[in-house]
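K.L.:
To start, I am sharing the structure in question, which I have written as structure tokens.
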Amino acid sequence: GFTESGYYKSNRLRVAVALVGIAALVPVMLIQVIGGAKALESLTDGAIPYVVGVTVTSVMVGVIVLWAGFKGTAWTDSFMGIFFASILVFTAFYVLNLSGGGEVFEKVSEYNPELNRVSGNPLGMLELWLGLGFGAWVLPHMWQKFYSASSANVLGKVAMATPFWNSWMMAIIPLVVGMAAVIPEVAPTVTVDSSDTILPQIFNVHFPVLSAFVVAGILAAAISTINSQLLSSASLVAEDVVDALTKKDMSSKRVTWVTRVVVLSLTVLIFVLAMLPSGVGFLVPIASLGFGLGLQLVPSALGMLYFRWVTEAGALAGLVLGVIVMAGMAMTQVDFPLGPSIAGILVNALVTIGVSKFTRRVPDSSLEEFHGMFDEYMKNNVR
């Protein structure tokens with residue numbers, strides 16, 4: 001949708017979206033490697049140290065993406081996703097059984113009643129909510145997955161199943177497990193400092209034989225996620241950055257070569273970042289950075305999908321200034337209640353609207369091809 005032959009017909013926006021997309025994927029890939037390595041270290045009581053976990057995960061991901069290609073990676077992701085989902089569902093029932101079933105929240109109240117009260121800061125959480133709710137869905141690997149659907153019906157089924165997977169399984173189950181961990185008999189070894197490895201610790205105490213499967217499930221989730229993110233990053237560099245900056249069309253051989261170089265480079269970068277002391281910190285702030293950058297892509301995507309009045313110059317100016325504001329606030333740690341991502345998207349949206357009012361609109365051919373197609377589809381398929 002953002003390519004030269006796509007909606008905005010702009011090489012500069014094409015490159016800007018690709019670079020921001022790759023920058024957004026790096027923190028998201030990083031949390032997968034860190035989480036998997038921590039789980040492995042916890043399961044083995046340090047016998048497999050963090051360094052080895054990071055190395056194994058990085059090497060496996062690089063090998064799968066380089067040799068399997070798009071189709072092989074898709075099948076690998078499907079298998080690992082089903083495996084992880086099965087482990088997650090089993091974990092939910094197992095931990096509920098350990099913590100008293102339907103009385104889990106009453107038991108939690110005996111040890112930490114504050115956990116059952118809504119005492120958080122909704123404004124402070126808005127950054128993560130919007131990042132996950134909007135930013136995550138416009139990250140490059142998600143677009144690539146949408147494009148791989150064989151038909152609109154398949155895409156519709158995925159759209160219906162995804163909220164169940166993301167909202168109920170991926171959010172509610174970890175929430176319940178995390179709350180249950182305050183009950184001493186459920187997770188006696190968990191401390192505040194080791195809270196990133198709750199699952200391996202629970203199974204290490206109660207069911208050591210199955211703990212290996214749980215960690216395998218965690219690693220499967222990590223690897224399946226990074227696979228598609230690496231592949232998307234590589235194709236962005238090859239087809240949107242290098243191709244946009246090259247006058248002649250690239251041969252398939254050169255695209256393959258560029259893709260492999262990018263995969264290797266990003267794999268090494270993720271490995272190095274995971275090994276830095278700052279990379280081993282809390283996972284949520286690292287994830288928020290990636291989803292926040294993804295959020296900056298939303299206005300340009302909405303222009304293509306819904307708002308005909310968004311121009312190429314408006315989308316580009318909003319994206320660039322939004323990223324600059326977000327990055328500047330994150331680095332200087334300016335005290336803004338809503339967080340740097342929200343500050344960035346507010347500037348982004350205002351600049352996109354303002355600049356679009358005074359600049360040339362998107363070509364009629366794009367409006368007809370994209371918005372005309374959407375209007376026709378909605379008219380024929382929504383009753």
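K.L.:
If we keep just the residues of the stretch 122-135 that are surrounded by fewer than 18 Cβ atoms within 10 Å (Cβ to Cβ) and touching a residue at least 40 places away in the same chain (Cβ under 8 Å), which is farthest from LEU219 (Cα to Cα)?
P.N.:
So in the stretch 122-135, the residues surrounded by fewer than 18 Cβ atoms within 10 Å (Cβ to Cβ) come out as 122-126, 129, 133-134.
If we keep only those that are touching a residue at least 40 places away in the same chain (Cβ under 8 Å) too, we end up with 123-124, 126, 134.
Details: LEU123: 33, GLY124: 30, LEU126: 29, PHE134: 26 Å.
Looking at residues that are surrounded by fewer than 18 Cβ atoms within 10 Å (Cβ to Cβ) and touching a residue at least 40 places away in the same chain (Cβ under 8 Å), I get LEU123.
K.L.:
Continuing with this model, one more query. Of all residues in the stretch 221-260, how many are hydrophobic (A, V, I, L, M, F, W, C) and closer than 16 Å to VAL26 by Cβ?
P.N.:
Filtering the stretch 221-260 for residues hydrophobic (A, V, I, L, M, F, W, C) gives 221-223, 226, 230-231, 234, 236-238, 241-242, 244-245, 250, 255, 257-258.
Still in the running and closer than 16 Å to VAL26 by Cβ: 222, 226, 230-231, 234, 236-237, 241.
Residues that pass the stated criteria total 8.
K.L.:
Without any contact (Cβ under 8 Å) to a residue 12 or more places away in the chain and assigned by TED's automatic domain parsing to the domain that holds ALA37, is that true of VAL215? Walk me through how you get there before you give the answer.
P.N.:
Working: without any contact (Cβ under 8 Å) to a residue 12 or more places away in the chain: no; assigned by TED's automatic domain parsing to the domain that holds ALA37: yes.
Here the answer is no, as VAL215 does not meet what is asked.
K.L.:
Has the stretch 117-133 got any residue that is at pLDDT 75 or above and part of a loop (DSSP other than H, G, I, E, B)?
P.N.:
No, the conditions are met nowhere in the stretch 117-133.
K.L.:
Sticking with this one: Can you tell me which residues in the stretch 66-109 are at pLDDT 75 or above and of a type in the set (Val, Ile, Thr)?
P.N.:
Passing the criteria: ILE82, ILE87, VAL89, THR91, VAL95, VAL104, VAL108.
K.L.:
Restricting attention to the stretch 336-369, and to residues there that are more than 26 Å from the chain's Cα centre (by Cα), modelled with pLDDT under 90 and assigned to a helix (DSSP H, G or I), which single residue is surrounded by the fewest Cβ atoms within 10 Å (Cβ to Cβ)?
P.N.:
Across the stretch 336-369, the extreme among qualifying residues is ASP364.
K.L.:
Provide a single number: the residues in the stretch 84-104 that are of a type in the set (A, V, I, L, M, F, W, C) and more than 21 Å from GLN201 (Cβ to Cβ). Quick ask: steps written out before the conclusion?
P.N.:
First, pick out the residues of the stretch 84-104 that are of a type in the set (A, V, I, L, M, F, W, C): 84-85, 87-90, 92-93, 95-96, 98, 104.
This time we only want the ones that are more than 21 Å from GLN201 (Cβ to Cβ), so: 85.
Total satisfying the criteria: 1.
K.L.:
Related question: Mind checking which pairs have a first residue in the stretch 150-163 that is under 23 Å from LEU132 (Cα atoms) and a second that is part of a helix (DSSP H, G or I), Cβ under 9 Å, 6 or more apart or different chains?
P.N.:
LEU155/PHE146; VAL158/LYS145; VAL158/PHE146
K.L.:
Please specify each residue of the stretch 224-255 satisfying the condition of being in contact with a Ser or Thr (Cβ under 7 Å, 6 or more places away or on another chain) and surrounded by fewer than 22 Cβ atoms within 10 Å (Cβ to Cβ).
P.N.:
Residues satisfying the conditions are SER235, ALA238.
K.L.:
Any residue at all in the stretch 374-383 that is surrounded by 14 or more Cβ atoms within 10 Å (Cβ to Cβ) and modelled with pLDDT under 85?
P.N.:
So the first thing to find is which residues in the stretch 374-383 are surrounded by 14 or more Cβ atoms within 10 Å (Cβ to Cβ), and the list is none.
Taking every residue of the stretch 374-383 in turn, none turns out to be surrounded by 14 or more Cβ atoms within 10 Å (Cβ to Cβ) and modelled with pLDDT under 85.
K.L.:
Checking the conditions here, which among LYS157, LYS145 is basic (Lys, Arg), within 16 Å of the chain's Cα centre (by Cα) and not assigned by TED's automatic domain parsing to the domain that holds ILE345? Steps first, answer last, please.
P.N.:
Working: LYS157 fails: within 16 Å of the chain's Cα centre (by Cα).
Criteria check complete, one pass: LYS145.
K.L.:
Within the stretch 30-44, is even one residue out of contact with any Leu (no Cβ under 8 Å at 6 or more places or on another chain), free of Cβ contacts under 8 Å to residues at least 24 places away in the same chain and under 24 Å from LEU210 (Cα atoms)? Walk me through it before giving the result.
P.N.:
Here is the first cut: in the stretch 30-44, the residues out of contact with any Leu (no Cβ under 8 Å at 6 or more places or on another chain) are 32-33, 37-38, 41-44.
Those still in the list that are free of Cβ contacts under 8 Å to residues at least 24 places away in the same chain too: 44.
Retained after the next criterion (residues that are under 24 Å from LEU210 (Cα atoms)): 44.
Yes, there is a match, as at least one residue in the stretch 30-44 is out of contact with any Leu (no Cβ under 8 Å at 6 or more places or on another chain), free of Cβ contacts under 8 Å to residues at least 24 places away in the same chain and under 24 Å from LEU210 (Cα atoms).
The values are calculated or read from the model by the stated rules, or taken from the named source; none is laboratory data. Owing to the predicted nature of the structure, the values given are computational and were not obtained by experimental measurement. Every residue, glycine as well, gets a Cβ built from its backbone with ideal geometry; the counts of neighbours run over all protein chains shown.
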